1. Of all residues in the stretch B:210-266 being in contact (Cβ under 8 Å) with a residue 40 or more places away in the chain, within 14 Å of chain A (Cβ to nearest Cβ) and small (Gly, Ala, Ser), which is surrounded by the fewest Cβ atoms within 10 Å (Cβ to Cβ)?
2. So, in the stretch B:191-223, exactly how many residues are under 20 Å from the mean Cα position of the chain (by Cα) and within 30 Å of residue B:138 (Cβ to Cβ)?
3. Criterion first (more than 30 Å from residue B:369 (Cα to Cα), assigned by TED's automatic domain parsing to the domain that holds residue A:182 and among the polar types (S, T, N, Q)) does residue A:121 satisfy it?
4. Among the candidates A:189, A:185, A:129, A:117, which residue alone is facing chain B (nearest Cβ under 9 Å) and more than 21 Å from residue B:327 (Cα to Cα)?
5. So, in the stretch A:73-91, exactly how many residues are over 19 Å from residue A:155 (Cα atoms) and modelled with pLDDT of 90 or more?
6. Which count do you get for residues in the stretch B:292-307 that are buried (at least 22 other Cβ atoms within 10 Å of the Cβ) and closer than 26 Å to residue B:378 by Cβ?
7. Quick one: how many residues across the stretch B:184-209 are under 26 Å from residue B:258 (Cβ atoms), part of a loop (DSSP other than H, G, I, E, B) and either away from chain A (no Cβ under 14 Å) or among the hydrophobic types (A, V, I, L, M, F, W, C) (or both)?
8. Please go through the stretch B:67-82 and pick out each residue that is outside any helix (DSSP H, G or I) and free of Cβ contacts under 8 Å to residues at least 60 places away in the same chain.
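The values are calculated or read from the model by the stated rules, or taken from the named source; none is laboratory data. Since this is a predicted model, take the numbers as computed values, not measurements. Cβ sites come from the backbone with ideal geometry, for glycine too, and all protein chains shown count toward neighbours.
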Amino acid sequence: MKNLVKIALISGAACLALVACAKKQQPQTDPAAESATAAEASQSAEPAMTQAQADSLAAEQARLDAERLEAERARLEALINQIMSEDVYFDFDRSELTEKAKELLAQVGELLLKEQRFTITIEGHTDARGTEDYNFTLGAKRAMKVKEFLAAYGIENSRMESVSYGKEAPKAQGETEEAYSQNRRANFRVNIKQ
Amino acid sequence: MRKVLNRFVWAVALALACVVPQGAFASIDTIAVDVGISVFKTTPIGIVPFEEKPGIDWIEEKPHQILTRDANLSGRFDVVASEKFNLALFSRSKAKHYMTGKVEPTSDGRLAVDCYLYVSQSKDLLLGERYTVPQKELRRAMHAFFDKVIYQLWGERGVASTRIAYVSKIDGVKQVVVADYDGFHRSQITRDSTISMMPVWTRGNKGLVYVNFKTNRPRLYTKNFGRPEKPLFEQFDQTYSPAVNPVNGELLFSSSKDGKTDLYIGNMETGKARKFAYLKSNQTSPAWSPYATEVLFTSDRGGGPQIFVMGKDGSDLRRVTFMGRYNERASWSPEGDRIAYTSMDNGKMNIYTCALDGSDIVQLTNNAGNNEHPTWSPDGKLIAFASNRSGTYQIYIMRKDGSNVTRITQAGENTAPTWSWFYDDNKPQPKEGSK
């Protein structure tokens with residue numbers, strides 16, 4: 001009996017999830033779909049259901065859960081990737097944000113406002129020219145400019161940390177201005193607050 | 001004129017490089033490049049191959065070859081090489097002294113080496129030493145003898161027994177290594193999967209302080225040789241640019257927090273540290289004066305990096321460099337009167353020295369890739385630095401006037417050399433108070 005109640009509960013939840021999913025994917029869903037799931041729900045609640053049926057339902061539920069989690073994960077991952085790909089570039093030996101950098105950072109700011117669970121590490125980098133020591137200082141200044149901009153955008157300081165990599169982690173190799181300009185950057189690492 | 005000379009010297013050097021035989025020691029002998037006309041005062045010294053008893057299977061350089069290399073590197077001598085004692089040659093070359101010796105195999109497979117320093121004219125023995133060592137330790141024995149020769153003739157301590165710490169890319173990761181000053185006997189100190197960099201020596205050459213990224217940020221660590229590593233000043237977020245006080249061992253370093261970089265001074269034993277100077281600008285690359293009375297550092301108060309000096313209590317702040325827009329990472333000559341630093345012009349880094357008031361600027365490197373991270377030998381005669389003039393970054397030694405550039409690392413990528421202090425155990429017993 002206990003089992004049966006459990007199955008009923010699970011299948012009920014499954015139906016709700018189905019409804020929710022259906023609603024989400026098709027906001028103007030046709031009434032037939034809803035009545036069908038409702039019928040299914042009443043049917044599955046019947047005690048006459050066999051163990052095999054219950055198992056397949058539970059499996060179906062697990063699959064749906066997994067799918068939903070996967071979808072959420074993929075969505076977050078896409079967001080994280082989007083944020084992580086938003087490198088902000090700087091001029092030589094400068095740490096001021098360019099207009100283009102500010103546009104990019106505004107987008108990152110929006111994402112962070114929406115996803116309150118995200119915390120970020122802002123990494124400041126320099127090109128290969130200059131000394132290791134001074135480039136740490138310069139990278140720290142760049143990361144800070146980015147942090148200040150996002151703070152002004154409304155992101156809590158507690159969700160951001162800044163760190164300088166100096167010239168130690170170049171994105172592009174070589175001694176060309178093209179490589180240099182790619183390396184004078186700040187980029188993001190994203191963590192999800194548990 | 002200087003340029004033409006330079007080119008000529010390079011051409012000669014290249015030609016020489018091409019004809020160096022690919023023998024066992026081909027990689028040892030390096031290209032000597034004279035930059036312009038040297039103003040360095042050197043003394044001619046004769047070197048005669050050691051008398052050799054049969055039965056030695058040579059796998060290392062022979063004693064006179066090691067001494068020749070030491071003499072050339074030292075910045076104190078011009079070598080007058082002769083296959084045997086030749087008073088006419090020594091006299092013509094003004095070589096008032098010469099070195100030679102005897103070497104024979106011992107029954108237990110070691111070498112017994114007698115080393116002599118003679119007065120050329122009278123053949124009076126000035127110095128005689130015997131070393132009985134395995135062949136692989138011959139080089140260090142000869143360095144010890146050479147430093148005794150320097151003490152005998154100059155009354156000063158030589159640097160043949162000193163070492164250099166630097167950063168070497170091993171399997172794609174920057175690691176801290178230590179080698180003898182001539183590049184031999186390299187040993188790896190860090191073995192991390194994350195970057196290690198900026199090594200400096202603790203007092204007495206007992207260990208190193210360096211930066212590692214294992215916590216995803218630059219942070220200082222110290223390690224006494226043969227002992228485990230210890231993180232330093234963990235109360236700070238990002239720490240780098242270490243400088244060991246030569247008198248009391250305290251550590252001066254940079255720490256960046258919220259985009260601001262300041263200098264801090266701390267005790268590595270207790271872990272306590274305090275802010276060194278309260279300045280609006282960012283400060284990095286601190287360096288102590290020889291007696292730890294003053295500190296050099298870089299500030300960005302003018303926009304780009306420039307070198308400043310102040311008292312150890314933060315008083316009497318003065319700007320040192322005014323030429324050019326990028327002057328960084330100064331280090332104080334052990335003789336006290338000059339600094340060496342790296343300057344960037346048109347994206348190229350070169351090494352300069354100047355007086356403490358910023359006057360008398362001398363450019364030491366020129367037209368040869370990037371040249372950076374100068375570090376003084378403890379006797380103040382030489383400067384080691386990193387250059388990519390050969391295509392990859394390698395460590396070089398030059399005299400303090402920029403002459404006699406000699407490469408001491410061969411393979412891979414090597415940067416950020418820092419010269420050790422004198423080695424007291426190899427000290428030729430100088431009298432108290434002597435320099």
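1. So, considering only residues that are in contact (Cβ under 8 Å) with a residue 40 or more places away in the chain, within 14 Å of chain A (Cβ to nearest Cβ) and small (Gly, Ala, Ser), the one surrounded by the fewest Cβ atoms within 10 Å (Cβ to Cβ) is B:243.
2. 10
3. yes
4. On the way: A:185 fails: facing chain B (nearest Cβ under 9 Å); A:129 fails: more than 21 Å from residue B:327 (Cα to Cα); A:117 fails: facing chain B (nearest Cβ under 9 Å).
The conditions single out A:189.
5. Number satisfying all stated conditions: 3.
6. Looking only at the stretch B:292-307, we keep the residues that are buried (at least 22 other Cβ atoms within 10 Å of the Cβ), and these are B:295-299, B:305-307.
After this cut, where a residue has to be closer than 26 Å to residue B:378 by Cβ as well, the list is B:295-298, B:307.
Number of matching residues: 5.
7. 1
8. First pass over the stretch B:67-82, keeping only residues outside any helix (DSSP H, G or I): B:75-82.
Of everything in the stretch B:67-82, those that are outside any helix (DSSP H, G or I) and free of Cβ contacts under 8 Å to residues at least 60 places away in the same chain turn out to be B:77, B:78, B:79, B:80, B:81, B:82.
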